[in-house]
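First comes the structure, then the notes that go with it.
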There are 2 protein chains.
Amino acid sequence: MKIAVDVMGGDFAPKAIVEGALLAANELTEQVRIVLIGNQADIQEVLGERTLPATIEIVHTTEVIAMGEHPTKALSQKPNSSIGVGFKLLKERVVDAFCSAGNTGAMHVGALFSVKAVEGLIRPAIVGFAPQVSGKMAVLLDIGANADCKPEMLEQFGEIGSLYAQYTHGVDNPRVALVNIGEEEQKGSLVAQAAHQLMKATKKYNFIGNLEGKELFTDKADVIVCDGFTGNVILKMGESIYDILKSRGVDDEFVNHMNYEAAGGSPILGVNGNVIIAHGISSPLAIKSMILLAKRQVESDVYTKIKQALS
Amino acid sequence: MKIAVDVMGGDFAPKAIVEGALLAANELTEQVRIVLIGNQADIQEVLGERTLPATIEIVHTTEVIAMGEHPTKALSQKPNSSIGVGFKLLKERVVDAFCSAGNTGAMHVGALFSVKAVEGLIRPAIVGFAPQVSGKMAVLLDIGANADCKPEMLEQFGEIGSLYAQYTHGVDNPRVALVNIGEEEQKGSLVAQAAHQLMKATKKYNFIGNLEGKELFTDKADVIVCDGFTGNVILKMGESIYDILKSRGVDDEFVNHMNYEAAGGSPILGVNGNVIIAHGISSPLAIKSMILLAKRQVESDVYTKIKQALS
């Protein structure tokens, strides 16, 4: 198995990325190879006197897509950027997963242009993880790829989210819920009401009904479906509560699970390959978590399961 | 000043309401009268051997609108219910505010049918309070009256929210922000993008731009505008984090401010009168807080300011 990591992406690149890869390599067997994509000299500078373990290799690139660049323009103008090369290797199946803490838009567009969306899926979604009081993590999607969603998109998010929970989290018959502002099916926005009906009618997964904001963490569901606007607000609000409480000296396991570093990355789900994006501020610990997440995803072969389910 | 309270509304009515009113009366001067609207015998049973202080009076009613009843139907069929009588007294200016922890829909519809929406306002909103790390509370609206919002509605929520922060919270030139999933004005849902342009163009208040989920509690804004779907999810997620952390033994002032009991109630803003709704599970402490909130609102005369601003 080969997991490619963009060394040049993220606020603390390349240092945080290289250090994170070293941490991950320590925990992985030699069956898992990490491919660092980025400038060799920069990587060497981070390493200093150290040498890379045999399980880490470098693919040298010279160009970088910066955080603020226009995704489509940057990708077409910089095919030899670390993101451009990462997707090339993923498309050619040289690597099994591609991870980056860089330009999120470029990662999203890159995935759609290279490995492409799974046929039959209206739009891929970005997955976040919502900590539950039991210690488990619920699959939350979409967290920002699609600010506006049609009911049909939400219905499909339930399906791909359910497959993700089943194959990656090992949950049998995952409980899928729809974020809404009331228990009853006639409650909520027009989109949520229509999505509820579609999800209720589907036989593809175990829809358990609406889930309110107060139930996001109470182990009610394994998969939590919402539009990317709502999901993004939920995710960032959770992260900020972690930051605030940490700075106030609160040390609680549930709160600690709201730390973005715990999951490390957010899969783009519904494309023909394993693509994971991480927070721009990613620390070495976050990068390590992202690589371990990529490994679990590759092992679960979830993207193939999704492809088969939708074909 | 007279503040009317529905004794029959809420999961723990009438006990929690009567006890809450007694707590509030203890903290108020004799210029503030509390009017308990509900069944006299039920109130007496709660009181037992105790007698009401001179500042609390009873308006006896026999009918009750239950939590699950259809708002419009219940209001027309039960004009002598505690909610029906409360709005009658509010409309006739016998009381200066009407508060209830009962059927939210009936309170919303009752407000629209009796004192009515302020002329010029597309739709009233329900206000919540978002605790800030400084200890202040930001005005958050809408938290559930309008699951679907047009950009023009959000623009107006900025205006009435700004007036609320100015007159009730005493904030000079309140900073108004729009909940969105990115800093840049072209980010977010179509509605958020269009609302941003309207808010940017307005001279009626101090619009400071988008606010992300991670900035809901960081003292960035005094007024936080969003659709009622997003606002409801934010509010209930916050309440649940309080519940979870409390049950886990976390005692932190910021967390404690997420307790619904701290604010006690949510004003319906943009109607011709002071109407406040409370959580169904309201405790005596929450009811007390709601009555004190009603007092501040009456003193600020904010609904008249809103009426004047929109005329």
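The values are calculated or read from the model by the stated rules, or taken from the named source; none is laboratory data. Since the model is a prediction, treat every value here as computed from it, not as a measurement. Positions of Cβ are backbone-derived with ideal geometry, glycine not excepted, and every protein chain shown enters the neighbour counts.
Within segment A:179-198, none of the residues are surrounded by 22 or more Cβ atoms within 10 Å (Cβ to Cβ) and more than 23 Å from B:ALA145 (Cβ to Cβ). Tell me, please, whether a residue that is surrounded by 24 or more Cβ atoms within 10 Å (Cβ to Cβ), within 16 Å of the chain's Cα centre (by Cα) and away from chain B (no Cβ under 14 Å) can be found in segment A:144-155. So far as segment A:144-155 goes, no, none of its residues is surrounded by 24 or more Cβ atoms within 10 Å (Cβ to Cβ), within 16 Å of the chain's Cα centre (by Cα) and away from chain B (no Cβ under 14 Å). A:VAL298 satisfies every condition listed in (1) within 11 Å of chain B (Cβ to nearest Cβ); (2) among the hydrophobic types (A, V, I, L, M, F, W, C); (3) in contact with an Asp or Glu (Cβ under 9 Å, 6 or more places away or on another chain) except (1). The single condition among (1) part of a helix (DSSP H, G or I); (2) modelled with pLDDT of 95 or more that A:PRO267 does not meet is (1).
Look at (1) more than 20 Å from the chain's Cα centre (by Cα); (2) part of a loop (DSSP other than H, G, I, E, B) and you find that A:SER76 fails only one, number (2).
Among the residues in segment B:15-22, are any more than 24 Å from B:VAL298 (Cα to Cα) and in contact with a helix residue (DSSP H, G or I) (Cβ under 6 Å, 6 or more places away or on another chain)? Within segment B:15-22, one or more residues are more than 24 Å from B:VAL298 (Cα to Cα) and in contact with a helix residue (DSSP H, G or I) (Cβ under 6 Å, 6 or more places away or on another chain). Residues in segment A:59-72 that are buried (at least 18 other Cβ atoms within 10 Å of the Cβ) and acidic (Asp, Glu): A:GLU69 only. Apart from one condition, B:ILE126 fits all of (1) of a type in the set (A, V, I, L, M, F, W, C); (2) farther than 30 Å from B:PHE12 by Cβ; (3) not in a loop (DSSP other than H, G, I, E, B); the exception is (2). With respect to (1) without any contact (Cβ under 8 Å) to a residue 40 or more places away in the chain; (2) under 20 Å from B:ALA294 (Cβ atoms), the lone exception for B:ILE122 is condition (2). Screening segment B:73-109 for residues that are touching a helix residue (DSSP H, G or I) at 6+ places or on another chain (Cβ under 8 Å), farther than 16 Å from B:LYS2 by Cβ and in contact (Cβ under 8 Å) with a residue 40 or more places away in the chain and picking the one that is surrounded by the most Cβ atoms within 10 Å (Cβ to Cβ) gives B:ALA101. Scanning segment A:218-230 for residues that are facing another protein chain (nearest Cβ under 10 Å) and part of a loop (DSSP other than H, G, I, E, B) turns up A:THR218, A:CYS226, A:ASP227. Among the residues of segment A:169-217, those that are touching a helix residue (DSSP H, G or I) at 6+ places or on another chain (Cβ under 9 Å), within 13 Å of another protein chain (Cβ to nearest Cβ) and part of a loop (DSSP other than H, G, I, E, B) comprise A:ASN180, A:ILE181, A:GLY182, A:GLN186, A:LYS187, A:GLY188, A:SER189, A:GLU212, A:LEU216, A:PHE217. For first residues located in segment B:292-305 and in the same structural domain as B:MET1 (by TED's automatic domain parsing), partners that are hydrophobic (A, V, I, L, M, F, W, C) and crowded, with 18+ Cβ neighbours inside 10 Å and lie 6+ apart or on another chain with Cβ distances below 6 Å form the pairs B:ALA294/B:ILE3; B:ALA294/B:ALA97; B:ALA294/B:CYS99; B:ALA294/B:ILE276; B:LYS295/B:VAL32; B:VAL298/B:ALA97; B:LYS305/B:LEU163.
Close contacts from segment B:177-206, counting a first residue that is on the phi < 0 side of the Ramachandran plot and a second that is among the polar types (S, T, N, Q) and surrounded by fewer than 16 Cβ atoms within 10 Å (Cβ to Cβ), with Cβ to Cβ under 7 Å and a gap of 6+ residues or different chains, come to B:GLN193/B:GLN186; B:ASN206/B:ASN173.
With respect to the conditions (1) over 22 Å from A:ILE287 (Cα atoms); (2) modelled with pLDDT under 95, A:LYS150 lacks only one, and its number is (2).
A:PHE12 meets each of the listed conditions (1) surrounded by fewer than 18 Cβ atoms within 10 Å (Cβ to Cβ); (2) over 20 Å from the mean Cα position of the chain (by Cα) apart from (2). Every test in (1) away from chain B (no Cβ under 14 Å); (2) within 30 Å of B:GLN186 (Cα to Cα); (3) modelled with pLDDT of 95 or more is passed by A:VAL233 save one, and that test is (1).
One line per residue, one yes/no per condition, for (1) in a helix (DSSP H, G or I); (2) over 22 Å from A:ALA263 (Cα atoms):
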| position | (1), (2) |
| --- | --- |
| A:MET8 | no, no |
| A:ALA25 | yes, no |
| A:GLU30 | no, yes |
| A:VAL35 | no, no |
| A:VAL46 | yes, yes |
| A:LEU52 | no, yes |
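If you go through segment A:236-273 and keep only what is polar (S, T, N, Q) and under 17 Å from B:ASP252 (Cα atoms), you end up with A:SER240, A:SER247, A:ASN256.
Taking the criterion of being assigned to a helix (DSSP H, G or I) and crowded, with 22+ Cβ neighbours inside 10 Å, the residues of segment B:270-294 that qualify are B:ALA286, B:ILE287, B:LYS288, B:SER289, B:MET290, B:ILE291, B:LEU293, B:ALA294. Restricting to segment A:228-246, and then to whatever is touching a Ser or Thr at 6+ places or on another chain (Cβ under 8 Å) and touching a residue at least 24 places away in the same chain (Cβ under 8 Å), can you tell me which residue is surrounded by the most Cβ atoms within 10 Å (Cβ to Cβ)? For segment A:228-246, the residue satisfying everything is A:THR230. Checked against (1) without any contact (Cβ under 8 Å) to a residue 40 or more places away in the chain; (2) more than 19 Å from B:GLY238 (Cβ to Cβ); (3) among the charged types (D, E, K, R), A:GLU215 passes all but a single condition, namely (2). Taken over segment B:42-72, the criterion of being among the polar types (S, T, N, Q), without any contact (Cβ under 8 Å) to a residue 24 or more places away in the chain and more than 18 Å from B:LYS15 (Cβ to Cβ) is satisfied by B:THR62 alone. Restricting attention to segment B:99-143 and to residues that are polar (S, T, N, Q) and in the same structural domain as B:LYS214 (by TED's automatic domain parsing), the residue that is farthest from B:VAL271 (Cα to Cα) turns out to be B:SER134. If you filter segment A:247-281 down to residues that are in contact (Cβ under 8 Å) with a residue 40 or more places away in the chain and over 23 Å from A:ASN146 (Cα atoms), you find that the one that is farthest from the other protein chains (Cβ to nearest Cβ) is A:ALA262. Give the number of residues within segment A:270-284 that are over 13 Å from the mean Cα position of the chain (by Cα), modelled with pLDDT of 95 or more and not polar (S, T, N, Q). Residues in segment A:270-284 being over 13 Å from the mean Cα position of the chain (by Cα), modelled with pLDDT of 95 or more and not polar (S, T, N, Q): 1 in total. Picking from residues in segment A:54-73 that are β-branched (Val, Ile, Thr) and in a strand (DSSP E or B), the one that is nearest to A:ASN26 (Cα to Cα) is A:ILE56.
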